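Just below is one structure, and these are the notes that go with it.
Laboratory data are not the source of any read-out in this text; all were calculated from the coordinates shown. Values in this document were obtained by computation on a predicted structure and should not be read as measured data. Positions of Cβ are backbone-derived with ideal geometry, glycine not excepted, and every protein chain shown enters the neighbour counts.
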């Protein structure tokens, strides 16, 4: 299954620990009727993309791999690969 590159704003429920490390656990797009649980975070990295400091989470649900991004400057979440 091919991964489609998109840049869609999403709603994310996450928690952070004492050091401020974010862990997303539910995501919801305006196009979806229900929330989707983040079953496993495969990889987490921080990088600078187009002058923005972002944290990228590669996640997996069943056999579906997708990437969500947290923009540290604007504090917004995006679905970037589906």
So what are the three principal axis dimensions of segment 5-81 from its Cα atoms, in whole Å, longest to shortest? 31, 28, 20
Expected max-MSF residue from 35, 69, 18 in the GNM of the chain (alpha carbon, under 10 Å) is 18
Each label sits 7 Å from Cα toward the beta-carbon; between residue 43 and residue 13 the label points are separated, in nm, by 2.8 nm
